[in-house]
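Student: Sharing a structure below in structure tokens format, with a few things to ask.
The values are calculated or read from the model by the stated rules, or taken from the named source; none is laboratory data. Given the structure is predicted, the values throughout are model-derived calculations rather than measurements. Here Cβ is always computed from backbone atoms with ideal geometry, including for glycine, and neighbour counts include all displayed protein chains.
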There are 6 protein chains.
Amino acid sequence: MNKVVQQIKRADPEVVAGLGACGVATVHEAQGRKGLLAAYMRPIYSGASVGASAVTILAPPADNWMVHVAIEQVQAGDILVLATTSSSDAGYFGDLLATSMQARGGVGLIIDAGVRDVRDLKEMGFPVWSKAISAQGTVKETLGSVNVPVVCAGALINPGDVIVADDDGVCVVARDEAVAVLAKAQARLASEEVKRQRLEDGELGLDMYDMRERLAEKGLKYE
Amino acid sequence: MNKVVQQIKRADPEVVAGLGACGVATVHEAQGRKGLLAAYMRPIYSGASVGASAVTILAPPADNWMVHVAIEQVQAGDILVLATTSSSDAGYFGDLLATSMQARGGVGLIIDAGVRDVRDLKEMGFPVWSKAISAQGTVKETLGSVNVPVVCAGALINPGDVIVADDDGVCVVARDEAVAVLAKAQARLASEEVKRQRLEDGELGLDMYDMRERLAEKGLKYE
Amino acid sequence: MNKVVQQIKRADPEVVAGLGACGVATVHEAQGRKGLLAAYMRPIYSGASVGASAVTILAPPADNWMVHVAIEQVQAGDILVLATTSSSDAGYFGDLLATSMQARGGVGLIIDAGVRDVRDLKEMGFPVWSKAISAQGTVKETLGSVNVPVVCAGALINPGDVIVADDDGVCVVARDEAVAVLAKAQARLASEEVKRQRLEDGELGLDMYDMRERLAEKGLKYE
Amino acid sequence: MNKVVQQIKRADPEVVAGLGACGVATVHEAQGRKGLLAAYMRPIYSGASVGASAVTILAPPADNWMVHVAIEQVQAGDILVLATTSSSDAGYFGDLLATSMQARGGVGLIIDAGVRDVRDLKEMGFPVWSKAISAQGTVKETLGSVNVPVVCAGALINPGDVIVADDDGVCVVARDEAVAVLAKAQARLASEEVKRQRLEDGELGLDMYDMRERLAEKGLKYE
Amino acid sequence: MNKVVQQIKRADPEVVAGLGACGVATVHEAQGRKGLLAAYMRPIYSGASVGASAVTILAPPADNWMVHVAIEQVQAGDILVLATTSSSDAGYFGDLLATSMQARGGVGLIIDAGVRDVRDLKEMGFPVWSKAISAQGTVKETLGSVNVPVVCAGALINPGDVIVADDDGVCVVARDEAVAVLAKAQARLASEEVKRQRLEDGELGLDMYDMRERLAEKGLKYE
Amino acid sequence: MNKVVQQIKRADPEVVAGLGACGVATVHEAQGRKGLLAAYMRPIYSGASVGASAVTILAPPADNWMVHVAIEQVQAGDILVLATTSSSDAGYFGDLLATSMQARGGVGLIIDAGVRDVRDLKEMGFPVWSKAISAQGTVKETLGSVNVPVVCAGALINPGDVIVADDDGVCVVARDEAVAVLAKAQARLASEEVKRQRLEDGELGLDMYDMRERLAEKGLKYE
């Protein structure tokens, strides 16, 4: 039952990069408000943002053996996405594993558990979004799987899906929707630029979005 | 039942600014240790501090329609204070709304829910204290109210009350107590300055506050 | 029953400093993965790290009287470790107490409760690891004890034990194990340096740690 | 600043009892979906329900002195409502205080903190809705207030307000709205009785509430 | 994007019933320790157990419109499984909806949000496993979907999957694995019966499972 | 480092039983308000109470191997106390292990993790106080220790200490203090019986405990 899928499809690197540049909030909206991981997933340092292809890990609690297995499957531009079979906040990942990831071109980690060596990771420029920061060591005793579908922090993630992460959190885009979502996200950014200028000039959202009539219909009273 | 109160009284701008300069811990003490919002209300970036007048919002879960309504009521020096009718950590507020707030002179947001675009907000210098950071989008379907009394993160806040917020959290001062609280807060700061010097010089709190006798009376034993 | 133990044994200052330099994750591993405080103990600002001797406090909820008592027991290189008799997130400690600590050579605070004036503490370079940040004031009404064994954030800490804390959290080393743990921690660091170089050069953990055979024995399948 | 208000107005006992009989969900709806305390307030045993007038307590953390003060203010049909000035889960209340309450005709306790002796309380038929169950003892050192407005579990409660509590949680009705809310609640119950019969007979909510057209307008697709 | 899938495949009713009779812990083990929903999903009353086919709902926060839509899709032996697009603990479901469910042969509800009228539901024998109990009312403003794949409390659930729920929590079995899992679960129950007898007779697990040698190999010391 | 201590001292069985009969709240008070485990430790069914000698287990996360090892060390009147080396809510214990415990005269389980088969355990009359209820399976891969000191739910527990547990939670009494604590607890119960009668007769705590003068001194005002 425990397996490593070695051949996965990834989205086009330019599409992946483009989604990363759009950011989590925009991509989440562009794909119909889905794909967001739980809000408890926070970056270990602020200011990082990534667009990357998911290499997924399903790991036992407090056992990081499968991380080593997964790194062999990582290509340039990939990000590890680790879900656990049972709740854990142990520290599965630290600076040595990040060194190995960077040697292969891996760009980050999404983990529904804990991470450690966070100061080193920050200095290395290796971003992590995690449920916890914890030095708690893990073992290498029990198998899991690599590149199988996982539910990570409440979101279903398939290997090769596009991960977008920044200070707002983490969002997943299905691989085969990536091109379409990117187009919508870029259109949304362009449209927002126009709105931003109008709002800066003092126009109200009430007017820009024509809300007054509908508010009145719903019964809003001004006193 | 859903209404927007357009005329609210605010405290004197100099008093508001003075309270902001005193900071949360001092103001909270000066007014008899009341008015503190729950400790889960955290700034989205460190180093910001504000003193501002509250424009309050009572909003449905995951519905930010009333934020647009509220911004029309904002004057220079105001801060939005959003409470929800039912628990939510969705992202009610982002960089476009912040742009609109800044265009009107609004100085920040206190929200018992989520916020997004936090890197943009930091770059804009628009501080937010929130329960969560989340990109989760909201709808514009259900009315709420603006400038009614709200319970936000466990504290009762009336429109026009003074909000003081910094890295320690958020505190509310009733509008008609603002002058008196400011006087006490400033006196406290002056008194603390003297104490700080004595402590720096090596005097112990045990002696400076005359605690030894009372500790002995209570039965503290030294071994 | 409430007492202050005035004579406590401390580890050798060089050993304490050495442990601090090794960091939490390494020390935790070196001593057999024990001694870690709960992951909810977070630094109030990033980048700080300490190795220090524990002066322990057992305090009532929302009552910081014993902090004043404890500071008299502090020597250069000590850190306060505060546990409560009943859960509290009130703000027991702020800039005045930190001033007093620094005047005596104290280097930080570990507190299973709240702290305030966090911006001042950051500017003073006084690190704190806490459960909460809260301006909530405390009283001085009920006795506790100083320099007794305490359970702080799930870890047993005796007075004079060595505290190691950094961005990964907090770890305690028993005083009489400090020398041995330091030796193991330094050996571990040396060994990690070699591994880091190999990983940087592209070697996989799978090979460096000889994992492939055991993975196959356990039944891992590659597809 | 610490005071005991001895004269409070209460709603008519028949109105209070009537609201209690309607139950939390119905009363909450009848008054426009407000007044609900946070969902973490749970009964210590199932099956109890009350309608009662609030005698409010604002108490320090882990200090139950004011409970004794409040009981003197209790009349037949009253319920204690305790909020704390700082978060606590200590056990403020047990079987002796419940005995005293019952001797005065008091009917229960709503407490945003902890309670103990819960098996005894169940046997006595003294219902409590609390944030926690904890044997942790409290002190009698610091004053609070009795019969002042409090924010309890996120809801504003004034002395003399009507408390409705059952297995669904706790709801507060403002004293001067009690008569009107009761009328609406009873009308709602009558209307629900009709609906229940129709649903039992197999009619769908989709038809009974005429939802199909609006769903189609909104764009719902059937496949 | 919002849709209702009307034709779903269900597992054989005898298989569904058989899985329900095996219970959550056994079924979870039998299918390789997968499919468990998060431990915060608790029954509103103890003693209930179900095996049923999932009719899934993806609903907006605090909006129960789709529950009405879903009930039309319910057949005898079905259970509703509700996930939200954004975190909510509002009370989506009460006794009227349960009446409608029972009229159609529906047997329960799994909801990653809140439920109300819990005493009535208990009296009706309508079991619910939920994240919260809350009287908080919901609206009918925003569409969701029915019978689409959902992630509910961390588990992926497809329409027609088999839900097993009892006092231990909730587990999902993929529809097309149901027959195989049932066979394994029943074999496991039979095997456990033998073990139970041996343990009752005083045999130790250490001996029954032949653990002593492996413990010694791993290095366990007896003192 | 992993060991099983086979010889532990236990308190006198009559003393253990006597403490159990006094209950958690009384014992906790009698020993100076210490020894209480965290309030999140809840019984899996209400109405159970125990006094028993602790056989302690330090176990890895989601690994219940040491439970089997510990049961061999159990004598009549013992209770298992399980702490983990890293946070876990997996289901370490179910009906088979309880059968084995009962065969040896073991009377219950205190576990800072999860438990399953809770309906069976209730029917067997085998009480458990746990952090979670979860069917999540565990492995048998990593050693821990038996009968070493552990920190369980925030309390230090040595093997052979007396555990008292009931609907109020769990309390530990050090073995060598058990006789003295029992005497104080029984005296406390006798004294409470007198107070209960006086309170039933309508006397107020304010008068029975002579509180009025001290309240006035502290400045309490009656309005």
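Student: What number of residues in segment D:66-89 are at the interface with chain F (Cβ under 8 Å from one of its Cβ atoms) and either over 19 Å from D:Ala153 (Cβ atoms) or surrounded by fewer than 23 Cβ atoms within 10 Å (Cβ to Cβ) (or both)?
Tutor: Residues flagged as at the interface with chain F (Cβ under 8 Å from one of its Cβ atoms) and either over 19 Å from D:Ala153 (Cβ atoms) or surrounded by fewer than 23 Cβ atoms within 10 Å (Cβ to Cβ) (or both) within segment D:66-89 amount to 4.
Student: Identify the residue in segment A:152-168 that is within 14 Å of chain B (Cβ to nearest Cβ), of a type in the set (A, V, I, L, M) and not in a loop (DSSP other than H, G, I, E, B) and, among all such residues, is farthest from the chain's Cα centre (by Cα).
Tutor: Let us first name the residues in segment A:152-168 that are within 14 Å of chain B (Cβ to nearest Cβ), namely A:153-155, A:163-168.
Still in the list and also of a type in the set (A, V, I, L, M): A:153, A:155, A:163-165.
Checking which are not in a loop (DSSP other than H, G, I, E, B) leaves us with A:155, A:163-165.
Details: A:Ala155: 10, A:Ile163: 4, A:Val164: 4, A:Ala165: 4 Å.
So, considering only residues that are within 14 Å of chain B (Cβ to nearest Cβ), of a type in the set (A, V, I, L, M) and not in a loop (DSSP other than H, G, I, E, B), the one farthest from the chain's Cα centre (by Cα) is A:Ala155.
Student: When you scan segment B:38-72, how many residues do you find that are of a type in the set (S, T, N, Q) and without any contact (Cβ under 8 Å) to a residue 40 or more places away in the chain?
Tutor: Looking only at segment B:38-72, we keep the residues that are of a type in the set (S, T, N, Q), and these are B:46, B:49, B:53, B:56, B:64.
If we keep only those that are without any contact (Cβ under 8 Å) to a residue 40 or more places away in the chain as well, we get none.
So the answer is 0.
Student: Just give me the residues in segment C:4-37 being within 12 Å of another protein chain (Cβ to nearest Cβ), out of contact with any Leu (no Cβ under 7 Å at 6 or more places or on another chain) and in contact (Cβ under 8 Å) with a residue 12 or more places away in the chain, in sequence order.
Tutor: Once the filter is applied, which keeps residues that are within 12 Å of another protein chain (Cβ to nearest Cβ), out of contact with any Leu (no Cβ under 7 Å at 6 or more places or on another chain) and in contact (Cβ under 8 Å) with a residue 12 or more places away in the chain, segment C:4-37 yields C:Val5, C:Gln6, C:Ile8, C:Gly23, C:Val24, C:Ala25, C:Glu29, C:Ala30, C:Gln31, C:Gly35, C:Leu36, C:Leu37.
Student: Quick check on F:Tyr92: is it touching a helix residue (DSSP H, G or I) at 6+ places or on another chain (Cβ under 7 Å) and either among the hydroxyl-bearing types (Ser, Thr, Tyr) or within 14 Å of chain E (Cβ to nearest Cβ) (or both)? Break it down stepwise before answering.
Tutor: Details: touching a helix residue (DSSP H, G or I) at 6+ places or on another chain (Cβ under 7 Å): yes; either among the hydroxyl-bearing types (Ser, Thr, Tyr) or within 14 Å of chain E (Cβ to nearest Cβ) (or both): yes.
Yes: the conditions hold for F:Tyr92.
Student: Follow-up question, since we're still on this one. Being of a type in the set (Val, Ile, Thr) and more than 17 Å from D:Arg33 (Cβ to Cβ) is true for just one of D:Val118, D:Val181. Which residue is that?
Tutor: Working: D:Val181 fails: more than 17 Å from D:Arg33 (Cβ to Cβ).
One residue alone meets the criteria, D:Val118.
Student: Among the listed residues C:Arg33, C:Arg42, identify the single one that is at positive phi and either out of contact with any His (no Cβ under 6 Å at 6 or more places or on another chain) or of a type in the set (Ser, Thr, Tyr) (or both). Before you say what the answer is, go through the steps one by one.
Tutor: Numbers: C:Arg42 fails: at positive phi.
That would be C:Arg33, the only listed residue that is at positive phi and either out of contact with any His (no Cβ under 6 Å at 6 or more places or on another chain) or of a type in the set (Ser, Thr, Tyr) (or both).
Student: Determine whether segment D:135-143 contains at least one residue that is closer than 21 Å to F:Asp168 by Cα, surrounded by fewer than 24 Cβ atoms within 10 Å (Cβ to Cβ) and of a type in the set (Asp, Glu). Full working, then the answer.
Tutor: Restricting attention to segment D:135-143, the residues satisfying the condition of being closer than 21 Å to F:Asp168 by Cα are D:135-139.
Now narrow it down to the ones that are surrounded by fewer than 24 Cβ atoms within 10 Å (Cβ to Cβ): D:137, D:139.
Subset that is of a type in the set (Asp, Glu): none.
Checked segment D:135-143: no residue is closer than 21 Å to F:Asp168 by Cα, surrounded by fewer than 24 Cβ atoms within 10 Å (Cβ to Cβ) and of a type in the set (Asp, Glu).
Student: Let me ask another. Show the residue pairs meeting these rules: Cβ distance below 8 Å; 6+ apart or different chains; first residue within segment F:143-156 and closer than 15 Å to F:Gln7 by Cβ; second residue surrounded by 24 or more Cβ atoms within 10 Å (Cβ to Cβ) and among the small types (Gly, Ala, Ser).
Tutor: What qualifies is F:Val146/F:Ala70; F:Asn147/F:Ala70.
Student: If I filter segment F:197-213 down to residues being part of a loop (DSSP other than H, G, I, E, B) and of a type in the set (Asp, Glu), which single residue comes out as nearest to D:Pro60 (Cα to Cα)?
Tutor: It comes out as F:Asp210.
Student: Against the definition (surrounded by fewer than 23 Cβ atoms within 10 Å (Cβ to Cβ), closer than 30 Å to B:Ser130 by Cα, at pLDDT 95 or above and among the aliphatic types (A, V, I, L, M)), how does C:Met211 come out, yes or no?
Tutor: Values: surrounded by fewer than 23 Cβ atoms within 10 Å (Cβ to Cβ): yes; closer than 30 Å to B:Ser130 by Cα: no; at pLDDT 95 or above: yes; among the aliphatic types (A, V, I, L, M): yes.
Answer is no for this residue.
Student: Another question, if that's okay. Tell me which residues, restricted to segment D:186-208, are surrounded by 14 or more Cβ atoms within 10 Å (Cβ to Cβ) and facing chain E (nearest Cβ under 10 Å).
Tutor: Correct list: D:Glu192, D:Lys195, D:Arg196, D:Arg198, D:Leu199, D:Glu203, D:Leu204, D:Gly205, D:Leu206, D:Met208.
Student: Condition first: in contact with a Leu (Cβ under 6 Å, 6 or more places away or on another chain) and closer than 30 Å to A:Glu141 by Cβ. Now tell me which residues in segment A:45-58 satisfy that. Explain how you work it out, then say what you get.
Tutor: Of the residues in segment A:45-58, the ones in contact with a Leu (Cβ under 6 Å, 6 or more places away or on another chain) are A:51, A:55, A:57.
Matches in segment A:45-58: A:Val55, A:Ile57.
Student: Hey, another quick one. Any chance you could count how many residues in segment F:118-129 are in contact (Cβ under 8 Å) with a residue 24 or more places away in the chain and within 13 Å of E:Asp167 (Cβ to Cβ)?
Tutor: Residues flagged as in contact (Cβ under 8 Å) with a residue 24 or more places away in the chain and within 13 Å of E:Asp167 (Cβ to Cβ) within segment F:118-129 amount to 5.
Student: Give the residue that is nearest to B:Ser130 (Cα to Cα), with candidates limited to residues of segment A:39-52 that are more than 9 Å from chain B (Cβ to nearest Cβ) and of a type in the set (A, V, I, L, M).
Tutor: Here the residue is A:Met41.
Student: Filter segment A:103-114 for residues that are over 17 Å from A:Lys140 (Cβ atoms) and within 18 Å of the chain's Cα centre (by Cα) and give the result. Even if it seems obvious, please write down each step before you answer.
Tutor: Pass one, segment A:103-114, residues over 17 Å from A:Lys140 (Cβ atoms): A:103-110, A:112.
A:Gly105, A:Gly106, A:Val107, A:Gly108, A:Leu109, A:Ile110, A:Asp112, listed by residue number.
Student: Okay, moving on. Kindly check whether there is at least one residue in segment C:173-196 that is within 18 Å of C:His28 (Cβ to Cβ) and not in a helix (DSSP H, G or I).
Tutor: Yes, there is a match, as at least one residue in segment C:173-196 is within 18 Å of C:His28 (Cβ to Cβ) and not in a helix (DSSP H, G or I).
Student: If you don't mind, there's one more thing I want to ask. Looking at segment F:45-67 only, could you name the residues that are on the phi > 0 side of the Ramachandran plot and aliphatic (A, V, I, L, M)? Don't jump to the end; show me each part of the working.
Tutor: The first filter runs over segment F:45-67 and keeps only residues on the phi > 0 side of the Ramachandran plot, leaving F:47, F:62.
Matches in segment F:45-67: F:Ala62 only.
Student: Go through B:Lys34, B:Lys3 for me and flag whichever is surrounded by fewer than 24 Cβ atoms within 10 Å (Cβ to Cβ) and over 13 Å from the mean Cα position of the chain (by Cα). Give the derivation first.
Tutor: Working: B:Lys34 fails: over 13 Å from the mean Cα position of the chain (by Cα).
Only one candidate passes the filter, namely B:Lys3.
Student: Another question about this same structure. So, in segment B:100-118, exactly how many residues are at the interface with chain A (Cβ under 7 Å from one of its Cβ atoms) and surrounded by fewer than 22 Cβ atoms within 10 Å (Cβ to Cβ)?
Tutor: Selection size over segment B:100-118: 1.
Student: Which of (1) aliphatic (A, V, I, L, M); (2) more than 9 Å from chain B (Cβ to nearest Cβ); (3) in a strand (DSSP E or B) does C:Ala132 not meet, given it meets every other one?
Tutor: (2)
Student: Shifting gears a bit: Here is a check on your reading of the model: is C:Leu121 of a type in the set (A, V, I, L, M, F, W, C) and surrounded by fewer than 23 Cβ atoms within 10 Å (Cβ to Cβ)? Break it down stepwise before answering.
Tutor: Details: of a type in the set (A, V, I, L, M, F, W, C): yes; surrounded by fewer than 23 Cβ atoms within 10 Å (Cβ to Cβ): no.
Taking the combined requirement at face value, the residue does not satisfy it.
Student: Of these, C:Val173, C:Val181, C:Val164, C:Val148, which one is more than 30 Å from B:Ala155 (Cβ to Cβ) and surrounded by fewer than 24 Cβ atoms within 10 Å (Cβ to Cβ)?
Tutor: Numbers: C:Val173 fails: surrounded by fewer than 24 Cβ atoms within 10 Å (Cβ to Cβ); C:Val181 fails: surrounded by fewer than 24 Cβ atoms within 10 Å (Cβ to Cβ); C:Val164 fails: surrounded by fewer than 24 Cβ atoms within 10 Å (Cβ to Cβ).
On inspection, the qualifying residue turns out to be C:Val148.
Student: Hey, another quick one. For residues that are of a type outside the set (A, V, I, L, M, F, W, C) and within 10 Å of another protein chain (Cβ to nearest Cβ), scanning just segment B:53-63, find the one that is nearest to B:Asp161 (Cα to Cα).
Tutor: In the first step, residues of segment B:53-63 are kept if they are of a type outside the set (A, V, I, L, M, F, W, C); the result is B:53, B:56, B:60-61, B:63.
With within 10 Å of another protein chain (Cβ to nearest Cβ) added as a condition, the list becomes B:60-61, B:63.
Values: B:Pro60: 22, B:Pro61: 24, B:Asp63: 24 Å.
Only one residue fits best here, namely B:Pro60.
Student: While we're here: If I filter segment E:214-223 down to residues being surrounded by 12 or more Cβ atoms within 10 Å (Cβ to Cβ) and in a helix (DSSP H, G or I), which single residue comes out as nearest to the other protein chains (Cβ to nearest Cβ)? Talk me through it step by step, then tell me what you get.
Tutor: Step one: filter segment E:214-223 for residues surrounded by 12 or more Cβ atoms within 10 Å (Cβ to Cβ), giving E:214-215, E:218, E:220-222.
Right, trim to in a helix (DSSP H, G or I) and you get E:214-215, E:218.
Working: E:Arg214: 8, E:Leu215: 7, E:Lys218: 5 Å.
Top of the filtered list is E:Lys218.
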